[in-house]
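Beneath this line is the structure, given in structure tokens, with notes to follow.
The values are calculated or read from the model by the stated rules, or taken from the named source; none is laboratory data. Note that this is a predicted model, so its numbers are computed, not measured. For neighbour counting, all protein chains shown are included, and Cβ atoms are generated from backbone atoms with ideal geometry for every residue, glycine included.
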């Protein structure tokens with residue numbers, strides 16, 4: 001509005017400015033009255049999702065939007081869910097040759113770049129480690145040193161291709177590069193996309209919503225992507241949960257609230273206060289350092305990362321939890337495209 005007034009001052013005589021201001025006020029009020037916010041929800045990825053959007057100027061009806069969102073999330077589930085025995089990922093991890101779809105190939109290629117960028121701290125090929133510690137797709141726990149060493153031998157993503165292509169068959173048992181030195185004969189690659197799949201799902205849904213003309217949105221699929229304004233005309237407000245053991249209900253105990261600036265952002269929290277178990281008085285949390293094979297032991301309880309996409313926010317929140325508080329502060333400080341809210345136990 002300020003820019004419109006500035007242009008008007010250059011074109012029209014001052015005596016008409018009051019009339020134009022009144023017209024603009026009426027136009028703005030009319031636009032506000034046409035805002036039409038709706039909330040769409042459903043089930044996906046073992047939980048629920050909520051999409052809040054402003055349908056002003058959008059032709060699609062809410063039920064059609066919900067059907068499209070459900071279809072996107074089913075496609076992600078069919079492609080990269082480790083809990084769906086018929087998914088491409090489950091079949092690949094079971095040793096089948098598969099033909100990757102666009103989602104599988106895109107997630108693999110993003111993950112491969114993140115592996116190189118983080119020096120192996122983000123490693124989707126570390127599926128065997130998460131399984132033996134009971135945080136993957138099995139219920140094992142407290143593995144022996146030998147078991148960890150064997151699992152680590154299968155987790156060398158640097159021995160995997162730099163990229164794969166949708167539509168070109170791959171076989172996990174033959175995917176490692178020759179001469180990689182892997183010590184477990186006959187075992188295939190077991191991938192786990194949990195560190196980025198939900199954030200990636202948010203970005204897919206957001207891309208669809210933009211494509212039908214929506215500019216004010218909040219996509220919550222466990223992770224969050226938001227853009228534009230809420231029904232009050234302000235940036236969306238996101239609560240950060242207190243990272244205390246037993247706080248298993250999102251929003252029940254809030255540590256702080258982040259208010260967006262109206263831009264497009266992914267916002268994701270990773271923490272060690274919901275997925276853990278205690279054996280012999282010691283806590284074992286779900287954040288595994290794929291470079292060592294062991295759960296992390298440091299004072300960073302949760303990391304909330306704000307990034308240009310939910311995929312990157314998801315990945316970097318996990319990365320912060322792997323590397324610990326001081327390294328996380330240094331990393332975030334080196335990246336002008338990122339912000340973070342880190343909570344430590346001390």
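Of the residues that make up the stretch 136-144, is at least one modelled with pLDDT of 90 or more and either surrounded by 14 or more Cβ atoms within 10 Å (Cβ to Cβ) or over 20 Å from residue 319 (Cβ atoms) (or both)? No, the stretch 136-144 contains no residue that is modelled with pLDDT of 90 or more and either surrounded by 14 or more Cβ atoms within 10 Å (Cβ to Cβ) or over 20 Å from residue 319 (Cβ atoms) (or both).
Suppose we filter 199, 266, 271, 188 for residues that are surrounded by 12 or more Cβ atoms within 10 Å (Cβ to Cβ), in contact with a strand residue (DSSP E or B) (Cβ under 7 Å, 6 or more places away or on another chain), at pLDDT below 95 and under 26 Å from residue 77 (Cα atoms); which single one remains? Before the answer, list the steps.
Details: 199 fails: at pLDDT below 95; 266 fails: at pLDDT below 95; 188 fails: in contact with a strand residue (DSSP E or B) (Cβ under 7 Å, 6 or more places away or on another chain).
After ruling out the rest, the residue left standing is 271.
Restricted to the stretch 154-182, and to residues there that are outside any loop (DSSP other than H, G, I, E, B) and either in contact with a strand residue (DSSP E or B) (Cβ under 6 Å, 6 or more places away or on another chain) or under 22 Å from residue 114 (Cα atoms) (or both), the residue that is modelled with the lowest pLDDT is 172.
Can you find even one residue in the stretch 310-319 that is at pLDDT 95 or above, under 14 Å from the mean Cα position of the chain (by Cα) and assigned to a loop (DSSP other than H, G, I, E, B)? No, because not a single residue in the stretch 310-319 is at pLDDT 95 or above, under 14 Å from the mean Cα position of the chain (by Cα) and assigned to a loop (DSSP other than H, G, I, E, B).
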